[in-house]
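Please treat every number below as a calculation from the coordinates, not as lab data. Note that this is a predicted model, so its numbers are computed, not measured. Glycine gets a Cβ as well: all are built from the backbone with ideal geometry, and neighbour counts include every protein chain shown.
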Amino acid sequence: MTLDEARKILQAEVIVGSQLQDINVDVGCGADLMSDVLAFAKTGALLLTGLTNLQVVRTGEMANIVGICFVRGKRPPQETIELARENALPLLATELRMFESCGRLYRNGLRGCSERTG
Amino acid sequence: MSSRKDIKVNPGAKTTKTQEMVYEMKVCDVMTTDVITVQAKDRMSSLRDLFRKNRISGVPVLDGERPVGLVSLEDFIKWLADKQDDCPTEEKMTGEVVYVYQDEPLVLAISSFERSGLGRFPVIDGDTGRLVGILTKGDVIEGLLKKLEIDYQDKETRSDRPRPLFTDLEADDKTLTFQYAVKGHDLKQAGTSSSRLKRTLSRLGMHPDVVRRVVIASYEAEMNLVIFTEGGNIRTRIREGEVLVQVEDSGPGIFDVKKALEPGYSTAPDWVRKLGFGAGMGLVNIRKCADRFDIWSRPGRGTVLKATFFTDEDSYETGRLGKYARSGSGISHGKPQKRGDRRLCKRPA
């Protein structure tokens, strides 16, 4: 699905990257632990997280994440937004909780990162 | 992406041959093994001849075989000047001595010279606690010169070989090295080195999967430097077929490396967990990403981590499959090394 389709499913707002909404999202990953994202996320994943600091964007950059959606109504600080802009990494924000967010995306056909990646 | 600043390879970031050697060599490669010692119960007066005959300026004090201190020429002169009783050396020695381990990477010992301002370190075996040598700045310089000579001769001989190997030699010379300094406790900057590394590797045309593995490992290591240390260096050496990432710091060291490599084992404080790290997955992730993994650490001495990544499609495949078999535990933890390294511990005659 495209990032824009995911955004609609999550009723999310775009914080960074409104021009990047036609990016293809291959898989989804939900985690608040960045080491887990680094260990288990796949290239091309959309990351759902409740964490909003700089390290989320850095992690996204290293793990080839194509977009980040903050859950539970969290809004990132300015420095996170700026770094995401610099890296052309789209940021979304939804009021939904983590479980609902993942559930909705999965129901609509987005797969998980269950295969081991490296 | 175009808004990013262009990465420039800073000439200062290039590493010299000598720098590379201090990362590869160990203390035991250069130390003096023939150490003159005194016993803790020996009298101070016995030092007079010892210092004069051997032209040394300090001597380790042993209790049996266990090192307990160091008496310097200065200590001796002070004792003479104060006209004190002929007491045992243990009463006048400096008890708080900085030791180095024989299997410790030379780079850490060199930074100890810089930090402490001391002229010599007793070298001990991490397992037995026994004194095995002494290391002075002179030993380091002599060791490096010898090694340079050996390397030089090595190359000379190799260039005599027939043509097929000659291409190997050329490939061997195609080495790119980058170094990034990482500041400790600087959360804003955490990750910038790995970010720069990622851009550099991508620009060199490396396969995205390899780049991803390298930078995930380097980022985890960078976070460790930021979280646990006062700072350190990430050195990356790119050669035909492989990328080597070496991450080094000079403190505080890992208390139990074996445990630190268990998934979920963490000594990180709460503020680290708030960043999404510190859940005891860092080293585990690095090992998982790398084709070869090695870590040396000692409390109070620092940590040197080496992760190698194969970049060829072929070795990339076999590397992934066979990595656990080949890399062993990957733990040094100050213990005598596997076969290959032990060989290095013998001083060239």
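Residues B:K274, B:K41, ranked from the fewest to the most other C-beta atoms within 10 Å, line up as B:K41, B:K274. When +1 charges are put on Lys and Arg Cβ atoms and -1 charges on Asp and Glu Cβ atoms, the dipole computed for region B:23-140 relative to its Cα centre reaches about 460 debye.
Across region B:257-304, the mean sequence separation of Cα contacts (distance under 8 Å, 6 or more residues apart), normalised by length, yields a relative contact order of 29 percent. The mean number of partner chain beta-carbon atoms within 10 angstrom of a residue's beta-carbon across peptide A:26-36 is 4. Each part reduced to its alpha carbon centroid, region B:176-215 and region A:46-118 end up 21 Å apart. Beyond 21 Å in Cα-Cα separation lie the following of the pairs B:K198/B:K288; B:K188/B:K274; B:K41/B:K137; B:K259/B:K306; A:K42/A:K74: B:K41/B:K137; A:K42/A:K74. Per residue of peptide B:191-202, the mean number of Cβ atoms on other chains within 10 Å of the residue Cβ is 2.
Based on Cα contacts under 8 Å between residues 6+ apart, region B:17-143 shows a relative contact order of 34 percent. Ranked by the mean number of other Cβ atoms within 10 Å of their residues, highest first, the peptides A:103-109, B:60-66, A:58-64, B:294-300 fall in the order A:58-64, B:294-300, B:60-66, A:103-109.
Taken as Cα centroids, region B:242-303 and region B:80-135 sit 28 Å apart, rounded to the nearest whole angstrom.
In chain A, Cα pairs under 8 Å separated by at least six residues give a relative contact order of 33 percent.
In chain A, the calculated helix contribution to ellipticity at 222 nm averages -10000 deg cm²/dmol per residue, counting -39,500 (n - 2.57) for every DSSP H run with n ≥ 4. Inter-chain Cβ neighbour count for A:51-58, averaged per residue, equals 5 (cutoff 10 Å, partner chain atoms only).
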